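Encoded as structure tokens, the structure appears first; notes follow it.
The values are calculated or read from the model by the stated rules, or taken from the named source; none is laboratory data. For clarity, every value in this text was computed on a predicted model and none was experimentally measured. Cβ atoms come from the backbone with ideal geometry, glycine included; neighbour counts cover every protein chain shown.
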Amino acid sequence: MLNTYFCRMEHAAADLQVRWLKLRIKLKERFGIKPDMNGVLLLIGIQELGQGPQEFSKEQKQDLMHIAVCKVLAQSGYYVYEGDDEEGWPHYASAQPLPPFNLIEQENFLKDHILLYFQQNGFIEP
């Protein structure tokens, strides 16, 4: 029984990695780059900011990635959108603590939410 559980977990993890790679390839086709996790988060943050492409400082890029993390995890109730500040930047509040994941589990959790974000926005198929 335990072997069946681990086999399912391995299959789910492999499926997640395949879907993640397909997303990155599609983003490369669209934008000319195959972004890593930070690049994907930056793209989501720019999309959510809604002010179009522009030059951002290092600090602004970090803020954009934070916006992206909050946005994608809001889908599962971990963050709640509070509104935009006077400069039009969205702000979120923590709604519930994140599960205690190790680094790999945390990355996969985030990848899964990013994939859901792109599905809900019609960029990739479910």
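Assorted remarks:
- Some residue of the stretch 34-46 being in contact with a Lys or Arg (Cβ under 7 Å, 6 or more places away or on another chain), within 19 Å of D15 (Cβ to Cβ) and either in contact (Cβ under 8 Å) with a residue 24 or more places away in the chain or not charged (D, E, K, R) (or both): no
- Any chance E107 is farther than 24 Å from E29 by Cβ, of a type outside the set (K, R) and out of contact with any Leu (no Cβ under 7 Å at 6 or more places or on another chain): no
- Hits in the stretch 26-83 - residues which are assigned to a strand (DSSP E or B) and small (G, A, S): G83
- Selection within the stretch 76-97 - surrounded by 14 or more Cβ atoms within 10 Å (Cβ to Cβ) and in contact with a Leu (Cβ under 8 Å, 6 or more places away or on another chain): Y78, Y79, W89, P90
- Any hit, the stretch 17-26, residues being surrounded by 17 or more Cβ atoms within 10 Å (Cβ to Cβ), among the hydrophobic types (A, V, I, L, M, F, W, C) and either free of Cβ contacts under 8 Å to residues at least 40 places away in the same chain or more than 19 Å from D112 (Cα to Cα) (or both): no
- Which numbered condition D112 fails, given (1) at pLDDT 95 or above; (2) assigned to a loop (DSSP other than H, G, I, E, B); (3) of a type in the set (D, E, K, R): (2)
Results for (1) modelled with pLDDT under 95; (2) under 10 Å from the mean Cα position of the chain (by Cα); (3) polar (S, T, N, Q), shown as yes or no for each residue.
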site	(1), (2), (3)
V40	no, yes, no
E48	no, no, no
Q54	yes, no, yes
L64	no, no, no
C70	no, yes, no
V80	no, no, no
Q119	no, no, yes
G122	yes, no, no
